[in-house]
């Protein structure tokens, strides 16, 4: 499973998703891109799931015809310590999510 971490997710988060090939958005060369363009670039690069804490993405983007799924982490903050408790749920969802689907965890 190939997954980019949105810029709003701490980059160290990628070290806590065993079995998932993670890159941060800057590592993938997509830094500074807005959500629509970012999702298109991620799809073209072969990513299957996009991980973010941006709760607005479901209202800003029509995912219906996307080949990428989106996981939105609901947490009290975007600090790594607040995101880590959701690891098991993220790993479960990443294995089940379908193209064009948005799933909330937390």
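None of the figures in this text is laboratory data; all of them are computed from the coordinates on show. Because the structure is predicted, anything quoted here is derived from the model rather than measured. Neighbour counts are summed over all protein chains in view; Cβ atoms, including those assigned to glycine, are modelled from backbone coordinates with ideal geometry.
Output the number of residues of segment 14-40 satisfying the condition of being touching a residue at least 12 places away in the same chain (Cβ under 8 Å) and either within 14 Å of residue 70 (Cα to Cα) or touching a strand residue (DSSP E or B) at 6+ places or on another chain (Cβ under 6 Å) (or both). Within segment 14-40, residues that are touching a residue at least 12 places away in the same chain (Cβ under 8 Å) and either within 14 Å of residue 70 (Cα to Cα) or touching a strand residue (DSSP E or B) at 6+ places or on another chain (Cβ under 6 Å) (or both) number 11. If you check residue 58 against the conditions, is it in contact (Cβ under 8 Å) with a residue 24 or more places away in the chain, surrounded by fewer than 19 Cβ atoms within 10 Å (Cβ to Cβ), at negative phi and touching a strand residue (DSSP E or B) at 6+ places or on another chain (Cβ under 8 Å)? Against the criterion (in contact (Cβ under 8 Å) with a residue 24 or more places away in the chain, surrounded by fewer than 19 Cβ atoms within 10 Å (Cβ to Cβ), at negative phi and touching a strand residue (DSSP E or B) at 6+ places or on another chain (Cβ under 8 Å)), residue 58 qualifies. When segment 40-72 is filtered for residues that are within 12 Å of residue 99 (Cα to Cα) and assigned to a helix (DSSP H, G or I), only 43 remains. Candidates in segment 21-49 are the residues that are in contact with a helix residue (DSSP H, G or I) (Cβ under 6 Å, 6 or more places away or on another chain) and closer than 19 Å to residue 91 by Cα; of these, the one that is surrounded by the most Cβ atoms within 10 Å (Cβ to Cβ) is 49.
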